[in-house]
Amino acid sequence: MGESLHAIVLAGGSGTRLWPLSRGELPKQFLHLFGNESLFQGTLKRLRPLAGERIRVVSPGCFSDLVLQQSGAAGMDPKSLLLVEPCAKNTAPAIALGIASLVEEGCPEETPVLVCPSDHVINEDEKFMQAVKYGLEAVSEGNIVVFGIAPNAPETGFGYIRAGESRGSWFRVDEFVEKPDAKRAAALLDEGGWFWNGGIFLFRLGDILDAFRAHLPRIGELLQGGVINLLDQYNSFPSISIDYGIIERYPRMAVVPLDAGWADLGSWDAFYSIGGKDEQGNVISGDVITEDCTNCLFRGNGRLVAAVGLNDILVVDSPDALCISARGTSQKVRTVAEKLRNEKRREVFQAPESVRSWGEYRIVYEGDGIKIKRIRVLPGKSLSLQYHHHRSEHWIVVSGTAKITRENENFFLHEGESAFIGKHQVHRLANPGKLALEIIEVQNGSYLGEDDIVRLKYEEGGEAQ
């Protein structure tokens with residue numbers, strides 16, 4: 001199984017319901033929610049036994065550094081798998097971009113293609129692979145397969161699929177229901193025979209090309225021209241999901257049950273439901289102390305969290321924001337995030353920790369006129385040659401060796417040494433060594449946004465901070 005299977009991983013999306021950890025520049029698929037592996041990395045590792053190196057990741061350009069860094073850490077060849085969307089256009093155009101790359105590679109129409117979101121939890125890989133095997137049987141008969149999850153609650157955040165005629169390991173699809181309200185969801189649960197739509201699809205290349213031509217003809221006509229042809233028109237495509245654009249209209253749909261420990265983690269309530277609970281029913285991570293608390297989620301993030309006398313509460317801490325909600329209401333966190341977005345609050349866009357192609361940084365403190373970062377530059381990497389209009393910078397080396405360009409001078413700094421970069425001074429930070437370089441950067445100025453960077457030149461391995 002999987003000898004010719006190709007996989008398309010969708011790595012867009014904002015994950016606003018998991019704010020304050022999920023941010024505009026660091027959404028949930030790239031967060032290390034469980035140990036040292038992100039959901040995105042877990043997806044790649046799960047697919048590798050099925051598709052080997054035949055995996056493509058479709059992601060907006062703003063996440064390119066994250067995709068490249070995390071896929072490399074997961075043992076993949078990062079540069080061969082990334083397909084960059086010019087802008088976010090929902091799942092139908094994103095999947096079309098992945099399909100166009102397979103057409104460009106000359107894949108035959110019989111090629112099976114598996115499409116997976118990158119932000120789901122699947123705990124039982126063997127059962128997942130078995131479900132894909134069943135899906136390949138359905139695909140061989142000309143069906144497009146959607147993998148269905150048996151519902152355990154009247155969830156309103158998923159679409160529903162009604163299973164029809166049984167074909168052994170899979171079913172014909174009788175009906176799709178878009179995300180229902182609570183009353184309708186409860187009725188579907190009572191009726192039985194319904195699955196949640198987990199957003200995982202399997203099809204043959206030729207069948208999905210026919211489906212695009214029939215149901216999204218403008219995109220379908222461009223697919224045969226390959227990636228460049230599609231990208232030229234990408235900005236003008238409608239923002240439409242693959243479900244609404246094709247899946248709910250396609251005449252030969254099959255559903256394969258997926259019982260593999262699947263979880264969407266679309267809210268902090270979902271996070272609580274799958275978490276390991278103590279004797280009081282609490283799910284606790286981080287530096288947390290509780291007294292007389294029951295059935296709560298406490299997620300610390302670096303500092304001590306103390307809770308007393310709380311019941312059925314969700315508490316999620318981050319370096320610059322704290323979210324508290326009653327259990328059962330965490331879907332409304334998205335509304336809070338939207339309010340912050342409308343107010344242009346940095347806490348919904350900016351992540352305290354961020355990855356770049358040259359390394360990473362963590363914001364230690366930010367206040368009026370000052371921002372302090374801890375910056376890690378990988379061996380042999382450098383930032384771009386640049387200057388700032390509104391801020392000065394003071395660099396202190398914590399470990400490693402820094403090569404500094406400042407105006408017309410070049411010099412080295414070692415552990416404990418420092419340098420000052422004034423406003424408008426052209427400068428560059430580089431790591432010439434074989435070990436990671438760590439520095440503390442203190443910014444001072446009237447404006448400290450990440451967009452106050454005038455880039456003059458890129459070096460090999462260089463990137464803007």
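The values are calculated or read from the model by the stated rules, or taken from the named source; none is laboratory data. Note that this is a predicted model, so its numbers are computed, not measured. Here the Cβ positions follow ideal geometry from the backbone for every residue, glycine too, while neighbour counts run over all protein chains shown. Just the protein is used for accessible areas: all its heavy atoms, side chains included, with ligands, DNA and RNA removed. Shrake-Rupley method; radii C 1.70, N 1.55, O 1.52, S 1.80 Å.
For Val316, are the conditions met, namely being among the β-branched types (Val, Ile, Thr), under 21 Å from Pro27 (Cβ atoms) and touching an Asp or Glu at 6+ places or on another chain (Cβ under 8 Å)? No. Residues that are open to solvent by 40 Å² or more (accessible area, probe 1.4 Å), more than 21 Å from Glu366 (Cβ to Cβ) and not in a strand (DSSP E or B) within region 287-303 comprise Asp287, Asp292, Asn295, listed in sequence order. Does Gly369 satisfy being more than 21 Å from Cys62 (Cβ to Cβ), small (Gly, Ala, Ser) and either surrounded by 16 or more Cβ atoms within 10 Å (Cβ to Cβ) or modelled with pLDDT under 95 (or both)? Yes; evaluated as a whole, the condition is true for this residue. The single condition among (1) of a type in the set (Val, Ile, Thr); (2) touching a Lys or Arg at 6+ places or on another chain (Cβ under 9 Å); (3) at pLDDT below 95; (4) over 27 Å from Leu66 (Cα atoms) that Thr329 does not meet is (2).
Report yes if some residue within region 393-401 is part of a strand (DSSP E or B), farther than 15 Å from Gly449 by Cα and acidic (Asp, Glu); otherwise report no. No.
Residues that are of a type in the set (S, T, N, Q) and either at pLDDT 95 or above or touching a helix residue (DSSP H, G or I) at 6+ places or on another chain (Cβ under 8 Å) (or both) within region 15-42 comprise Thr16, Ser22, Gln29, Ser38, Gln41, listed in sequence order. Taken as a whole, the structure leaves Phe34 outside the set of residues that are touching a Phe, Trp or Tyr at 6+ places or on another chain (Cβ under 6 Å) and farther than 24 Å from Asp232 by Cα. Let me spell it out: the conditions are (1) open to solvent by 10 Å² or more (accessible area, probe 1.4 Å); (2) farther than 26 Å from Glu126 by Cβ, and Val58 meets all of them except one. Which number is the exception? Against the list (1) open to solvent by 10 Å² or more (accessible area, probe 1.4 Å); (2) farther than 26 Å from Glu126 by Cβ, Val58 comes up short only on (1). Of Val57, Val84, Val67, all but one fail to be in contact with a helix residue (DSSP H, G or I) (Cβ under 8 Å, 6 or more places away or on another chain) and modelled with pLDDT of 95 or more; the exception is Val57. Restricting Ile313, Ile289, Ile363, Ile274 to residues that are β-branched (Val, Ile, Thr) and closer than 30 Å to Ser399 by Cβ narrows the list to Ile363. Among the residues making up region 306-336, those that are closer than 18 Å to Lys277 by Cα, open to solvent by 20 Å² or more (accessible area, probe 1.4 Å) and part of a strand (DSSP E or B) are Ala306, Val308, Asn311, Ile313, Ala326. The residues listed here are Gly433, Gly380, Gly416; of these, the one that is at positive phi, open to solvent by less than 60 Å² (accessible area, probe 1.4 Å), in contact (Cβ under 8 Å) with a residue 12 or more places away in the chain and not in a strand (DSSP E or B) is Gly380. Exactly one residue out of Ile440, Ile404, Ile363, Ile375 is assigned to a strand (DSSP E or B) and more than 31 Å from the chain's Cα centre (by Cα), and it is Ile404. Counting only helices (runs of 4 or more DSSP H) that fall entirely inside region 13-131 and contain at least 1 residues that are within 30 Å of Leu322 (Cβ to Cβ), the qualifying elements are 39-51, 64-73.
Has region 67-85 got at least one residue that is out of contact with any strand residue (DSSP E or B) (no Cβ under 8 Å at 6 or more places or on another chain) and in contact (Cβ under 8 Å) with a residue 60 or more places away in the chain? No. Determine whether Leu21 is touching a Lys or Arg at 6+ places or on another chain (Cβ under 9 Å) and more than 28 Å from Gly135 (Cα to Cα). Judged against the criteria, Leu21 is a match. Tell me the residue from Leu231, Leu223, Leu209 that is aliphatic (A, V, I, L, M), closer than 24 Å to Glu105 by Cβ and in contact with a Pro (Cβ under 8 Å, 6 or more places away or on another chain), please. The match here is Leu231.
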